[in-house]
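This report refers to the structure that appears directly beneath it.
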Amino acid sequence: MISAPDLLNFALIVAFVSLAFAQLMCMVRLVLGPGTGDRILALDTMVINALGLVILLGIHQGVTIYFEVSLLIAMLGFVSTVALARFMLRGDIIE
Amino acid sequence: MTPEILGTYAAAIFLLIGAGFSLVGVLGLIKFNDAMSRLHAPTKVGTVGIGALLLASMTYSFVSGVPSFHEFLIMAFLFVTAPISANFIAKVNIHQSHCEPVPEPAGDETWSVLDISEEDRELEEDGEPR
């Protein structure tokens, strides 16, 4: 049976690789994406994946300062998604 | 099997779950061929995928001796906002007719996402895609 720290290191590598791959695939959808809705969705998913990468970096380095960074990224991602969608729906962000 | 070893195993398993969900969600974003189907997959990344990564971070903080609960804040924020942004993107899809047409509403009203205001009618007649 694999020892616990080894398994954690392996899981960290797997998670880093899959999140980076997810970012790349989101970029593909961002370029292809036939409609504006798909592009907004790809941007939203990219923000969420970036949040996951920051959390993984926090686990990897064993520090807690990345918590504030991830909270700020989460808030900015939500606000920008809503602003983009609202601009597409109403032609204006604040009426 | 001390609690430290069990906690490290749990953190690793949560990490693997989160990585798997992010991968599956993004494969859905790439592979599906309808705008509304594509919307369905990445919303799971935002809730289950990142939720599992945050659980792993929390478990690992307990193992490494500096226990912290404030990952719950990010989790709560994401769980509240993910459906809202998904709803907004679905509205954009309906507005741009990138999905099956919505059923006719009762009476002579129109859906607000399909309602084009007066000053934009000319743009629509020019064949400008909205």
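Descriptive notes on the structure:
- Looking at segment B:58-96, the chymotrypsin sites (Phe, Trp or Tyr not before Pro) that sit in a DSSP loop and have at most 10 other Cβ atoms within 10 Å of their own Cβ are B:F69.
- The phi-based Karplus calculation (6.51 cos²θ - 1.76 cosθ + 1.60; θ = phi - 60°) puts the 3J(HN,Hα) values of segment B:21-32 at 5, 4, 5, 5, x, 6, 5, x, 4, 7, 7, 5 Hz, whole numbers, x for Gly and Pro.
- Dipole size of chain B about its Cα centre, with +1 on Lys/Arg Cβ and -1 on Asp/Glu Cβ: approximately 1300 debye, rounded to the nearest 20.
- Segment B:3-101 - Debye-derived log10 I(q)/I(0), Cα point model, q = 0.11, 0.20, 0.24 Å⁻¹: -0.42, -0.95, -1.16
- Quotient of Cα Rg and 2.2 N^0.38 Å for segment A:4-90, N being how many residues it contains: 1.27
- GluC sites (Glu not before Pro) within segment B:1-110: DSSP coil, no more than 16 neighbouring Cβ in 10 Å: B:E109
- When the alpha carbon coordinates of segment B:46-122 are projected onto the principal axes, the ranges are 64, 25, 21 Å, largest first.
- Ranked from largest, the principal axis spans of the Cα set of the protein assembly as shown equal 70, 33, 31 Å.
- Helix A:36-61 vs. chain A, principal-axis angle (Cα, 0 to 90°, nearest 10): 30
- Only DSSP H runs of four or more residues enter the estimate; each adds -39500 (n - 2.57), and after division by the residues of chain A the mean residue ellipticity at 222 nm equals -30000 deg cm²/dmol.
- Counting only alpha carbon atoms, the long axis of helix A:66-90 and the longest principal axis of chain A meet at about 20°.
We did not get these values from a lab; they are worked out from the coordinates using the rules stated. Quick caveat: nothing in here was measured; it's all calculated off a predicted structure. All Cβ positions, glycine included, derive from the backbone under ideal geometry; neighbour counts span all protein chains shown.
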